[in-house]
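The values are calculated or read from the model by the stated rules, or taken from the named source; none is laboratory data. Because the structure is a prediction, the values reported are computed rather than measured. All Cβ positions, even for glycine, are placed from backbone atoms using ideal geometry, and neighbour counts span all protein chains on display. What goes into the accessible areas is simple: the full protein's heavy atoms, side chains included, and nothing from ligands, DNA or RNA. Shrake-Rupley method; radii C 1.70, N 1.55, O 1.52, S 1.80 Å.
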Amino acid sequence: MTGLLDKYAFDLRKSVAPPGHIGVTSLYSVTAPQYGTVTGVKGFFSPPYAASELLMQLQFTADGMPVEDTGNLGKEDCGLLLAGAVWQPDRILRRGTYHWLKEGKMYSLDVNSDLVPLTGRAGYVLAVRVTNRCGRTIPLSIVPQLNPGLVNQVPLGEWGFCPPRGGVAATNIDHHIWKTDTVRIMMLHEQLTAEMLPGEEVVFRFAVVFTAAGCDVTMPGSLAEWEQETSDSWTKRIAHAEATVPQLQSDIPGLEAYYRRSLISGLICMWEHPDFKIQPFLAVSGIDGGGISCYPWDTAGYVGQTLTMLLGPEKSADFLTFMYEGGIDRHICFFPDGTGDQPFPYSYSLWSFFHFAWSTFCQHGAVKELYPMLERILEVDEERLMHHGELLDYGNHHHLLEMRSSGFEHAVASPNAERAWCYDRMGELADHFGFEGASAWREKAAGIRKGIQEQLWDRSQAWFGSLYPDGHKEYIYSIQYYDSLRMGVCTPEMEQALLSHLRDGAFLGEYGVSSISAEDSLHYELNDPDWSGGGSFAGEGAILAQTLWEIGQSELAWDVMKRHIWMGKHLPYFPQEHYCDRPQTPAHKRANNIAGMAGAQALIMGMAGIRPQLDGSLLVHPQPLAEGHVSIIGYLHRGKRIDVHVEPGSCRIVCAGEDIYSGVPSLQRVV
């Protein structure tokens, strides 16, 4: 494969991801290679079908001699030996070799496979290319062996955060057909034998397809046609992404790779399935069959600015409607059918909804009809939560960071700071639309900020406290408090106190940031890097860097961001979380997360300083790095193309092909 797909290819020999984290998706079907094999397949998901135990293996016979492909780690004749693998958006390519002297004859085969999940149907194609290196003509036969394991048909309203488990064993009713009461599985192939001349390559293709019981499969003219459908759809997706999200060019080692891997982390979560409530469906994860559900904080919150570019104005509005109608104020996340999961929201869900609306308005234009919806979203928490003066009590871990120890609960600076930000934005919207009440919105925001400063900030601790219902406070050094910096809550004194902890041995590790400072002996632990220390959630380090760029802390922002560049070199896409003291990811967490796209967003909106405004204008305030050149190419704003080039001490801004500023970085009104 060449072109756009090659551009996003990743050599899996460099991967530090756990074996169970490697999969491939068509955004309709998802499957994975069997670890250590050249042609084996392990696991399959395509809502409503789930077969996590599925195992497919091929048994080769060359000139009468069996050649296994099982990932045998023993001695002597181990069968096919895996020699390399490449991840592409549309497939996983593996190469294997077999070179063994048996009974005085050399048996030598080069075996390559492409594992391709299908588009528009539940299944996958396995294409196997075998080259005869024996120096003589040999008969070759392949016997496919499929064990579907326990198979489940899971309603679209039940696809939660973890991969579906359980099901019933499928019955083999024909040589290549299995069924349960609700599911039919068919294995197809084009040929199983060949007389191979010396040096000849022969292609064998197999397909496994899931349908509802009683439904048959219409064979294409060639299984290669199904392969091509997936490649074509992925090429179209990437072309669209590169046309709507700017590209990055840099001479800083690894930065371009990091940017591409960040972008692909978002693209592999944008499912396109006709039975889903919305197209695309913004899943939080999915590459391992888990998280084919939409979490507002991960999507609308962390990467809302980038998603509005990818979706455009109409689909961004559709996503807002999807979240509102699905119960953003009542549920933690949304299933593919649009229904909500669990009868409570995260405390950050309502802010995430508001943030996505604001990002959409600034990127594409404000929509007056959505104003009452935003007003109602703010009223929800005011009506149902307990008040501490101007502050809201957001409850326990169930509603906040889900940590493994007490401390970040009840009345906390974040999301109260986000709440103040929302009220300020409502004031701007009221002015923009000519509505009454702008001053009241701003007064409410000012009151919340004052409450945070007076009730939660402790000068003696130089940190925020969490205020509990009985009046006592807990002090926890959580990275979440840094969001207060971008919400306009902190005084200069508070800002300096917070920034003083962004150093090695506290919040910073060699390979990222820690969700809890390593100096916080009460709360820091290694059970849950997500929010309890030793690492962080996928988007957290990038959002911290973006925040620091936004408040003018350029040097510190780059110090945070560059600690994550290793991820572009060693991960095909970004996981739910990763450690900060070693280049590794937890095997027991989700294999990918849409919030990984925050890395690209931080470089566009933070480092390049691109700031679209509600009135349709565009401000740009580049923040050059202390090293190297970086260019953000092709940001689109209301029909105009913007390029931003930075190097130490200077910048250049190009609008519609013309230089409009060149010199010392400063805030520029571009449009």
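Looking at the stretch 598-633, which of its residues are out of contact with any Lys or Arg (no Cβ under 9 Å at 6 or more places or on another chain), within 14 Å of I653 (Cβ to Cβ) and assigned to a loop (DSSP other than H, G, I, E, B)?
Answer for the stretch 598-633, where residues must be out of contact with any Lys or Arg (no Cβ under 9 Å at 6 or more places or on another chain), within 14 Å of I653 (Cβ to Cβ) and assigned to a loop (DSSP other than H, G, I, E, B): A608, G609, Q623, P624.
Which condition from (1) hydrophobic (A, V, I, L, M, F, W, C); (2) in contact with a strand residue (DSSP E or B) (Cβ under 8 Å, 6 or more places away or on another chain); (3) surrounded by 23 or more Cβ atoms within 10 Å (Cβ to Cβ); (4) at pLDDT 95 or above is the one that F353 breaks?
(2)
Restricting attention to the stretch 636-651, does a residue exist that is under 19 Å from H355 (Cβ atoms) and in contact with a Gly (Cβ under 7 Å, 6 or more places away or on another chain)?
Looking for residues that are under 19 Å from H355 (Cβ atoms) and in contact with a Gly (Cβ under 7 Å, 6 or more places away or on another chain), one finds none in the stretch 636-651, hence no.
Looking at this structure, is R136 open to solvent by 30 Å² or more (accessible area, probe 1.4 Å), in a strand (DSSP E or B) and at pLDDT 95 or above? Break it down into steps so the answer makes sense when it comes.
Working: open to solvent by 30 Å² or more (accessible area, probe 1.4 Å): yes; in a strand (DSSP E or B): no; at pLDDT 95 or above: yes.
No; evaluated as a whole, the condition is false for this residue.
Check E227, E242, E272, E314 and return the single one that is among the charged types (D, E, K, R), open to solvent by 20 Å² or more (accessible area, probe 1.4 Å) and more than 19 Å from the chain's Cα centre (by Cα).
Numbers: E227 fails: open to solvent by 20 Å² or more (accessible area, probe 1.4 Å); E242 fails: more than 19 Å from the chain's Cα centre (by Cα); E272 fails: more than 19 Å from the chain's Cα centre (by Cα).
On inspection, the qualifying residue turns out to be E314.
Any idea which residue in the stretch 636-647 is nearest to E658 (Cα to Cα), counting only those that are in contact with a Leu (Cβ under 9 Å, 6 or more places away or on another chain) and open to solvent by less than 20 Å² (accessible area, probe 1.4 Å)? So that I can check it myself, show each step before the final result.
The initial filter retains those residues of the stretch 636-647 that are in contact with a Leu (Cβ under 9 Å, 6 or more places away or on another chain), namely 637-638, 640, 642, 646-647.
The next check asks that each one be open to solvent by less than 20 Å² (accessible area, probe 1.4 Å); those that pass are 637, 642, 646.
On the way: H637: 15, I642: 9, V646: 16 Å.
Of everything passing the filter in the stretch 636-647, I642 is nearest to E658 (Cα to Cα).
Looking at the structure I just gave you, is V16 among the aliphatic types (A, V, I, L, M), within 21 Å of R205 (Cα to Cα), modelled with pLDDT of 95 or more and not in a strand (DSSP E or B)?
Working: among the aliphatic types (A, V, I, L, M): yes; within 21 Å of R205 (Cα to Cα): no; modelled with pLDDT of 95 or more: yes; not in a strand (DSSP E or B): yes.
So V16 fails the test.
Being closer than 14 Å to N416 by Cα, assigned to a helix (DSSP H, G or I) and among the β-branched types (V, I, T) is true for just one of I448, I543. Which residue is that? Working first, answer last.
Values: I543 fails: closer than 14 Å to N416 by Cα.
Just one listed residue meets the conditions, I448.
Give me a count of the residues in the stretch 68-87 that are in a loop (DSSP other than H, G, I, E, B) and touching a residue at least 24 places away in the same chain (Cβ under 8 Å). Don't jump to the end; show me each part of the working.
Step one: filter the stretch 68-87 for residues in a loop (DSSP other than H, G, I, E, B), giving 68-80.
Okay, now just the ones that are also touching a residue at least 24 places away in the same chain (Cβ under 8 Å), so 69-71, 73, 77, 80.
Going through the stretch 68-87 one residue at a time, the tally reaches 6.
Within the stretch 296-334, track down each residue that is free of Cβ contacts under 8 Å to residues at least 40 places away in the same chain and part of a loop (DSSP other than H, G, I, E, B).
Those that are free of Cβ contacts under 8 Å to residues at least 40 places away in the same chain and part of a loop (DSSP other than H, G, I, E, B): G327, R330, H331, I332.
Looking at E409, E474, E418, can you tell me which residue is in contact with an Asp or Glu (Cβ under 8 Å, 6 or more places away or on another chain), among the charged types (D, E, K, R), closer than 28 Å to D530 by Cβ and open to solvent by less than 10 Å² (accessible area, probe 1.4 Å)? First the steps, then the outcome.
Numbers: E409 fails: open to solvent by less than 10 Å² (accessible area, probe 1.4 Å); E474 fails: open to solvent by less than 10 Å² (accessible area, probe 1.4 Å).
Checking each option against the conditions leaves just E418.
Take the stretch 95-127 and flag every residue that is open to solvent by 10 Å² or more (accessible area, probe 1.4 Å) and under 30 Å from S265 (Cβ atoms).
Answer for the stretch 95-127, where residues must be open to solvent by 10 Å² or more (accessible area, probe 1.4 Å) and under 30 Å from S265 (Cβ atoms): R95, N112, D114, T119, G120, R121.
Quick one: in the stretch 648-671, of everything that is among the polar types (S, T, N, Q) and not in a loop (DSSP other than H, G, I, E, B), which residue is surrounded by the fewest Cβ atoms within 10 Å (Cβ to Cβ)?
Taking the stretch 648-671 as the starting set, the residues that turn out to be among the polar types (S, T, N, Q) are 650, 662, 666, 668.
Adding the requirement that they be not in a loop (DSSP other than H, G, I, E, B) leaves 650, 662, 668.
Numbers: S650: 13, S662: 11, Q668: 18.
It comes out as S662.
Does the stretch 557-574 contain at least one residue that is open to solvent by 10 Å² or more (accessible area, probe 1.4 Å), in contact (Cβ under 8 Å) with a residue 12 or more places away in the chain and at positive phi?
No, the stretch 557-574 contains no residue that is open to solvent by 10 Å² or more (accessible area, probe 1.4 Å), in contact (Cβ under 8 Å) with a residue 12 or more places away in the chain and at positive phi.
Filtering the stretch 432-482 down to residues that are out of contact with any Ser or Thr (no Cβ under 8 Å at 6 or more places or on another chain) and of a type in the set (S, T, Y), which residue is modelled with the lowest pLDDT?
S460
So which residues in the stretch 37-67 are farther than 16 Å from Y98 by Cα, assigned to a strand (DSSP E or B) and either charged (D, E, K, R) or open to solvent by less than 10 Å² (accessible area, probe 1.4 Å) (or both), if there are any at all?
Pass one, the stretch 37-67, residues farther than 16 Å from Y98 by Cα: 41-57.
From what's left, assigned to a strand (DSSP E or B): 41-46, 49-57.
The answer is V41, K42, G43, F44, S46, A50, A51, E53, L54, M56.
Listed here are the residues, each with its yes/no results for (1) open to solvent by less than 60 Å² (accessible area, probe 1.4 Å); (2) assigned to a strand (DSSP E or B); (3) under 30 Å from Q576 (Cα atoms).
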{"position": "P163", "(1), (2), (3)": "yes, no, yes"}
{"position": "G166", "(1), (2), (3)": "yes, no, yes"}
{"position": "W178", "(1), (2), (3)": "yes, yes, no"}
{"position": "R184", "(1), (2), (3)": "yes, yes, no"}
{"position": "M187", "(1), (2), (3)": "yes, yes, no"}
{"position": "E195", "(1), (2), (3)": "no, yes, no"}
{"position": "P198", "(1), (2), (3)": "no, no, no"}
{"position": "V203", "(1), (2), (3)": "yes, yes, no"}
{"position": "A207", "(1), (2), (3)": "yes, yes, no"}
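So which residues in the stretch 209-254 are assigned to a helix (DSSP H, G or I) and either in contact with a strand residue (DSSP E or B) (Cβ under 7 Å, 6 or more places away or on another chain) or among the hydroxyl-bearing types (S, T, Y) (or both), if there are any at all?
Going residue by residue through the stretch 209-254, those that are assigned to a helix (DSSP H, G or I) are 223-244.
Answer for the stretch 209-254, where residues must be assigned to a helix (DSSP H, G or I) and either in contact with a strand residue (DSSP E or B) (Cβ under 7 Å, 6 or more places away or on another chain) or among the hydroxyl-bearing types (S, T, Y) (or both): L223, A224, W226, E227, T230, S231, S233, T235, T244.
Identify all residues within the stretch 275-295 that are open to solvent by less than 20 Å² (accessible area, probe 1.4 Å) and free of Cβ contacts under 8 Å to residues at least 60 places away in the same chain; write none if there are none.
Across the stretch 275-295, the qualifying residues are F281, C294.
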